[in-house]
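Read the structure below first, then the notes.
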Amino acid sequence: MGEAIVITSGKGGVGKTTTTANIGTALALNGYRVCMIDTDIGLRNLDVVMGLENRIIYDLVDVAQGTCRLQQALVKDKRFESLHLLPAAQTKDKDDVEPEQMLEIVAELKKNHDYILIDCPAGIEQGYKNAVAAADQAVVVTTPEISAVRDADRIIGLLEKEKHVEPPRLVINHIRSNMMRSGEAMEVDEIVTILAIDLLGLVLDDDEVIKSSNAGEPIALNPKSKVSIAYRNIARRIQGEQVPLMKLDEDTGLMAKIKKFFGIRS
Amino acid sequence: MTKHVQQYVVLRGTRQGLELKLDDKCSFHLLMEELERTLKEKQQQFAAPEGRELHVTVDAGFRYIGPEDEAAVRRLLEDEFAVSIDAFESDVLSKQEAENMLKAQKMTTMYHVLRSGQVVEIEGSVLLIGDVNPGAEIKATGSIYILGSLKGTAHAGTEGEVRSVICASFMDPSQLRIAHIVRHPPENDEEEVWRGIFECAYVNEEGVLTLDRSVKLSALRPEHAGPPDE
Ligand SMILES: Nc1ncnc2c1ncn2[C@@H]1O[C@H](COP(=O)(O)OP(=O)(O)O)[C@@H](O)[C@H]1O
Ligand SMILES: [Mg+2]
């Protein structure tokens, strides 16, 4: 039986889709059977990031409404036999899918997948509810920006009410260590202190992410990039391995730690 | 001067000033008549020095005086005889009042991280072991004590108790309210600093919401200081 993991954030554009595509790719790379579901109905783009747009025949709404069978809608990845995508509908409405239907679809997918990754739309409305309905675990994506952290906090509060979801884990994306060092961006410790959840991984901001997403080749396929290693490490932590966090070469002196503990900026 | 067999209203001087002791067995109607008669009879005795008001405390003994009855006594004393009432005392409470007092004294303990968008409302005081994050709000009719960071909004004394306080291990609120008094932290860095460790917020004598070190509370709110001085 597979595990369903929702990737969510509250705020848009922080990297949910990128995170889903790369964790999915990294898990498949490690030999797991993975299905990614794009629940951002009306604004689908997981298929584009994966380079699978042209292969789409049916979508999530078609499955929910019984227009096709689940297996018919699954798009097979170009690179991995064991990686599938259930794309979102581009032209339909968010309300065309109900949380109960998500439960059915995910239960069906769990039979022959190890991980089901659910890419959640921004916001806390119907789309969010659908995405969370069938999740066993949650990954909250944020960036070192006060507004993104605020929304992540709101989402964590909502996720904590969902008794079927394990305590969410955090991915901080778009990290620019020079901005953190100069105090222009929030620091990792500050974010983790406020959100008070376990850290799953840190992902640097890197133009290569945009390039690879435009090419439809998730960066996790590239063994050399730091961002790719970050995603692969996140995948390993999801698999249950203990992997130390990447160093961000920041000031870690005792005084700096004490200051951070009390939230005082140097 | 007419002599009464039974005196329902007794006026006497105490160390704190004049006290009107009201009988608690007779009917309220009779009591009011007697009160009026007594006041009329002793009008000269009542005459306060020129330009000054006469102050009394009213003691109703074991009679329950509801809000309407209290208003009637006040109307008689304050409007007709220009005597101002400093305090209205009674040895009995209505069940409702007693329940409210109990609730106000109740301390609720909770372990929680209050997150953006969450609002918690407590009757009585609250001890929160956890944080109040930015965008979250904690409200209590009594005081608020936080073993953690206060970064969101805290509102103590929501039903008007200005002697309520707000304490936090780490104080960095986005807004503080005590009763109807609202303050938010200064927006430029030159003004007083609102971030600190083990701080408390209270309303001072001038009615200004003020921050100070929590250790000052024993002096600021001696009524809650507790042992060993009790
Ligand atoms: N670590 C990163 N470095 C640089 N660009 C990134 C990174 N993560 C995401 N992006 C870019 O940010 C944009 C938004 O990301 P996306 O994953 O679509 O966010 P969401 O799904 O949360 O709306 C995309 O253009 C994506 O390529
Ligand atoms: Mg997206």
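Give, as residue ranges, the helices (runs of 4 or more DSSP H) completely inside region A:149-222 that count at least 1 residues that are within 12 Å of chain B (Cβ to nearest Cβ) and not hydroxyl-bearing (Ser, Thr, Tyr).
The helices (runs of 4 or more DSSP H) meeting that bar are A:188-195.
If the requirement is being under 30 Å from residue A:199 (Cβ atoms), over 20 Å from the mean Cα position of the chain (by Cα) and either more than 14 Å from chain B (Cβ to nearest Cβ) or more than 16 Å from ligand 1 (Cβ to nearest atom) (or both), which of these qualifies: A:1, A:36, A:50?
A:1
Conditions tested, residue by residue: (1) of a type in the set (A, V, I, L, M); (2) loosely packed, with under 14 Cβ neighbours inside 10 Å; (3) out of contact with any Asp or Glu (no Cβ under 9 Å at 6 or more places or on another chain).
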| residue | (1), (2), (3) |
| --- | --- |
| A:160 | no, no, yes |
| A:182 | no, yes, yes |
| A:187 | no, no, no |
| A:210 | yes, yes, yes |
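Suppose the filter is modelled with pLDDT of 85 or more, buried (at least 19 other Cβ atoms within 10 Å of the Cβ) and outside the structural domain of residue B:168 (by TED's automatic domain parsing); does residue B:65 pass it?
When the stated conditions are applied, residue B:65 passes them.
Looking at region A:114-124, which of its residues are outside any strand (DSSP E or B) and within 15 Å of ligand 1 (Cβ to nearest atom)?
A:120, A:121, A:122, A:123, A:124, listed by residue number.
Of everything in region A:135-148, what is over 15 Å from the mean Cα position of the chain (by Cα) and within 14 Å of another protein chain (Cβ to nearest Cβ)? Give them in sequence order.
Correct list: A:145, A:146, A:147.
Could you please let me know if residue A:66 is closer than 18 Å to residue A:106 by Cβ and modelled with pLDDT under 95?
Considered against the rule, which asks whether it is closer than 18 Å to residue A:106 by Cβ and modelled with pLDDT under 95, residue A:66 comes out as yes.
Just checking, how many residues over region A:223-251 are assigned to a loop (DSSP other than H, G, I, E, B) and under 15 Å from residue A:28 (Cβ atoms)?
2
When you scan region A:56-80, how many residues do you find that are in contact with an Asp or Glu (Cβ under 8 Å, 6 or more places away or on another chain) and more than 18 Å from residue A:116 (Cβ to Cβ)?
Residues meeting the conditions: 3.
Taking residue B:223 as the residue in question, decide whether it is open to solvent by 40 Å² or more (accessible area, probe 1.4 Å) and part of a loop (DSSP other than H, G, I, E, B).
So residue B:223 fails the test.
Within the set of pairs 6 or more residues apart or between chains, which connect a residue that is free of Cβ contacts under 8 Å to residues at least 40 places away in the same chain inside region A:175-194 to a residue that is away from ligand 1 (no atom under 16 Å from the Cβ) and assigned to a loop (DSSP other than H, G, I, E, B) with Cβ atoms less than 9 Å apart?
The qualifying pairs are A:176/A:184; A:178/A:184.
Which condition does residue B:111 not pass, out of (1) at negative phi; (2) surrounded by 11 or more Cβ atoms within 10 Å (Cβ to Cβ); (3) in the same structural domain as residue B:177 (by TED's automatic domain parsing), if it passes all the others?
Unmet for residue B:111, out of (1) at negative phi; (2) surrounded by 11 or more Cβ atoms within 10 Å (Cβ to Cβ); (3) in the same structural domain as residue B:177 (by TED's automatic domain parsing): (2).
Would you be able to tell me the number of residues in region B:127-142 that are within 14 Å of chain A (Cβ to nearest Cβ) and surrounded by fewer than 18 Cβ atoms within 10 Å (Cβ to Cβ)?
Residues in region B:127-142 being within 14 Å of chain A (Cβ to nearest Cβ) and surrounded by fewer than 18 Cβ atoms within 10 Å (Cβ to Cβ): 2 in total.
Scan (1) within 14 Å of another protein chain (Cβ to nearest Cβ); (2) without any contact (Cβ under 8 Å) to a residue 60 or more places away in the chain for the single condition residue A:128 breaks and write down its number.
Failing condition for residue A:128: (2).
Yes/no matrix, rows are residues, columns are (1) more than 18 Å from the chain's Cα centre (by Cα); (2) of a type outside the set (Gly, Ala, Ser):
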{"position": "B:124", "(1), (2)": "no, no"}
{"position": "B:131", "(1), (2)": "yes, yes"}
{"position": "B:136", "(1), (2)": "yes, no"}
{"position": "B:142", "(1), (2)": "no, no"}
{"position": "B:150", "(1), (2)": "yes, yes"}
{"position": "B:155", "(1), (2)": "no, yes"}
{"position": "B:158", "(1), (2)": "no, yes"}
{"position": "B:161", "(1), (2)": "no, yes"}
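Could you count how many residues in region B:178-200 are open to solvent by less than 70 Å² (accessible area, probe 1.4 Å), away from every other protein chain (no Cβ under 14 Å) and over 17 Å from the mean Cα position of the chain (by Cα)?
3
Scan region A:129-142 for residues that are open to solvent by 10 Å² or more (accessible area, probe 1.4 Å) and either within 15 Å of ligand 1 (Cβ to nearest atom) or polar (S, T, N, Q) (or both) and jot them down.
Here is the first cut: in region A:129-142, the ones open to solvent by 10 Å² or more (accessible area, probe 1.4 Å) are A:129, A:133, A:136-137.
Listed by number, the list holds a single entry, A:137.
Here's a check for you: in region B:183-207, which residue that is aliphatic (A, V, I, L, M) and at pLDDT 95 or above is nearest to residue A:193 (Cα to Cα)?
B:201
Please find, within region B:143-171, the residue that is most open to solvent (accessible area, probe 1.4 Å) out of those that are assigned to a loop (DSSP other than H, G, I, E, B) and within 14 Å of another protein chain (Cβ to nearest Cβ).
It comes out as B:151.
The values are calculated or read from the model by the stated rules, or taken from the named source; none is laboratory data. Quantities reported herein were computed from a predicted structural model and do not represent experimental measurements. Using ideal geometry, Cβ is built from the backbone for each residue, glycine included, and neighbour counts are taken over all protein chains shown. Surface areas here come from the heavy atoms of the whole protein model, side chains and all, with no ligands, DNA or RNA. Shrake-Rupley method; radii C 1.70, N 1.55, O 1.52, S 1.80 Å.
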